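J.: This is the structure I have questions about; it appears just below.
The values are calculated or read from the model by the stated rules, or taken from the named source; none is laboratory data. Note that the structure is a prediction, hence the values are computed from the model and not measured. Quick reminder, even Gly has a Cβ in these numbers, built from the backbone with ideal geometry, and neighbours come from all protein chains shown. Note: areas computed on protein heavy atoms with side chains; ligands, DNA, RNA excluded. Shrake-Rupley method; radii C 1.70, N 1.55, O 1.52, S 1.80 Å.
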Amino acid sequence: MHKSERLFQLVNLLKGRRLAITAKTLAERFSVSERTIYRDIQHLQSSGVPIEGEAGIGYHIADYPLPPMMFTYDELTALLLGSKMVDAWTDTHLGENAKSAIAKIEAVLPKHLKQQHDHSPYLVSSFNHGPQQKVFSARLRSAIESKNIVVLHYQDVESRQTRRPVEPLGLVYWGGKWTLIAFCQLRHDYREFRLDRILDVELTEQHFACHAQKNLSHYVALVKAKYAALAAKGIHGADCDGPAEG
């Protein structure tokens with residue numbers, strides 16, 4: 001690792017901690033000597049980085065804005081690709097913020113990275129996420145954040161329509177479709193609702209509460225446990241029913 005990269009990672013590591021971290025721990029983290037860490041700390045302090053602490057006790061950084069765009073090409077590719085996915089596959093509000101982020105990144109890209117980015121092999125398609133799904137996605141995201149019950153008008157795979165009050169817990173992208181994970185008040189259990197099968201979303205003023213047995217992480221844990229048990233029996237995901245829909 002070059003010294004410049006180590007210094008940058010050192011600042012990131014110190015900035016991301018609440019408690020001080022010792023030179024010994026830092027030396028082990030970067031596979032260098034404690035003496036090297038002491039020299040790095042002195043170099044950063046002389047450059048104006050507000051590192052606090054001392055040898056034998058540890059170091060930390062108060063609020064300090066890192067210089068923008070100190071990223072590798074692969075890191076920039078990941079950030080730009082992720083932003084484009086947000087723009088294409090989520091709601092309009094998040095999409096606009098993603099576009100703003102992309103514009104800020106591209107505005108300060110060094111010329112050689114800009115040229116590499118212009119020839120990126122990745123293309124993000126939005127064919128399967130139309131305007132109506134963007135509207136529903138925005139409503140559901142708002143309801144998830146505020147913990148408001150919503151009423152879904154839903155059409156299942158057999159074209160049966162239902163009106164369902166649910167407690168929205170999270171939106172999951174399965175690599176082909178967006179799905180709302182919710183606790184269904186009619187079924188008294190978790191259910192999945194594909195966004196492309198939702199006909200309408202009614203926001204209500206009723207609130208719900210999450211707890212240890214009703215939240216997105218609990219749902220994911222149940223799904224993982226289910227598929228782990230099936231895998232132990234030699235049954236693969238393609239050979240069994242997925243999580244309950246609707």
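J.: For a label point 7 angstrom out from the Cα of Glu158 toward its Cβ, which stretches of segment 174-202 have the backbone nitrogen within less than 15 Å?
T.: Label zone hits: none.
J.: To continue, here is another question. Report the label-to-label distance for Leu230 and Glu106 in nanometres (one decimal), using points 7 Å from each Cα along the Cα→Cβ vector.
T.: 4.1 nm
J.: Taking the dipole about the Cα centre of the chain, with the C-beta of Lys and Arg at +1 and of Asp and Glu at -1, give me whichever of Val11, His211, Ala221 is farthest to the positive side.
T.: Of the options given, the answer is Val11.
J.: Also, quick follow-up: Would you mind working out the magnitude of the charge dipole of the chain relative to its Cα centre, with +1 at each Lys and Arg C-beta and -1 at each Asp and Glu C-beta, to the nearest 20 Debye? Let's see the in-between values first.
T.: Details: 30 positive and 27 negative charges, 60 e Å.
With only Lys, Arg, Asp and Glu charged at Cβ, the dipole is about 280 debye.
J.: How long is the gain from Tyr38 to Leu123 if the chain were fully straight, where each residue apart is worth 0.36 nm and the alpha carbon distance is subtracted?
T.: Numbers: separation 85, 0.36 × 85 = 30.60 nm, distance 4.52 nm.
Net length gain for the segment: 26.1 nm.
J.: Given a 1.4 Å probe and heavy atoms of the protein chains only, how would you sort Lys224, Lys114, largest accessible area at the top?
T.: Details: Lys224 140, Lys114 70 Å².
My answer, sorted largest first, is Lys224, Lys114.
J.: Here is a follow-up. I'd like the accessible area for His119: 1.4 Å probe, protein heavy atoms, all chains in place, Å² to the nearest 10.
T.: 150 Å²
J.: Beyond 18 Å, what share of the Cα-Cα pairs of segment 155-214 remains, rounded to the nearest whole percent? Spell out each step's value before the answer.
T.: Numbers: 645 of 1770 pairs.
The proportion of pairs with Cα distances above 18 Å equals 36 percent.
J.: Separate question: Of all accessible surface on segment 152-246 at a 1.4 Å probe, what whole percent is carbon and sulfur?
T.: Answer for segment 152-246 is 52 percent, counting heavy atoms of protein chains only.
J.: Where only protein heavy atoms count, and the probe is 1.4 Å, what is the accessible area per residue for the chain in Å²?
T.: On a per-residue basis, the chain sits at 61 Å².
J.: In nm, to one decimal, how far is the Gln132 label point from the Glu245 one, both placed 7 Å along Cα→Cβ?
T.: If labels sit at Gln132 and Glu245, their model points lie 1.6 nm apart.
J.: If you don't mind, there's one more thing I want to ask. Placing unit charges on C-beta atoms (Lys and Arg positive, Asp and Glu negative, everything else neutral), compute the dipole magnitude of segment 194-236 about its Cα centre in debye, rounded to 20.
T.: Values: 6 positive and 4 negative charges, 96 e Å.
Result for segment 194-236 is approximately 460 debye, rounded to the nearest 20.
J.: Could you give the C-alpha radius of gyration of segment 71-186 expressed as a fraction of 2.2 N^0.38 Å, taking N as the number of residues it contains? Mind dumping the intermediate values first?
T.: Values: Rg = 17.7 Å, N = 116, 2.2 N^0.38 = 13.4 Å.
Compared with the compact-globule rule of thumb, segment 71-186 sits at 1.32.
J.: At 222 nm, what helix-only mean residue ellipticity would the chain give, in deg cm²/dmol to the nearest 500, using -39500 (n - 2.57) for each DSSP H run of four or more?
T.: Working: 8 runs with 108 residues, N = 246.
So the calculated ellipticity at 222 nm is -14000 deg cm²/dmol.
J.: Please work out the C-alpha center-to-center distance from segment 1-52 to segment 149-220 and express it in whole Å.
T.: Cα centroid of segment 1-52 versus Cα centroid of segment 149-220: 46 Å apart.
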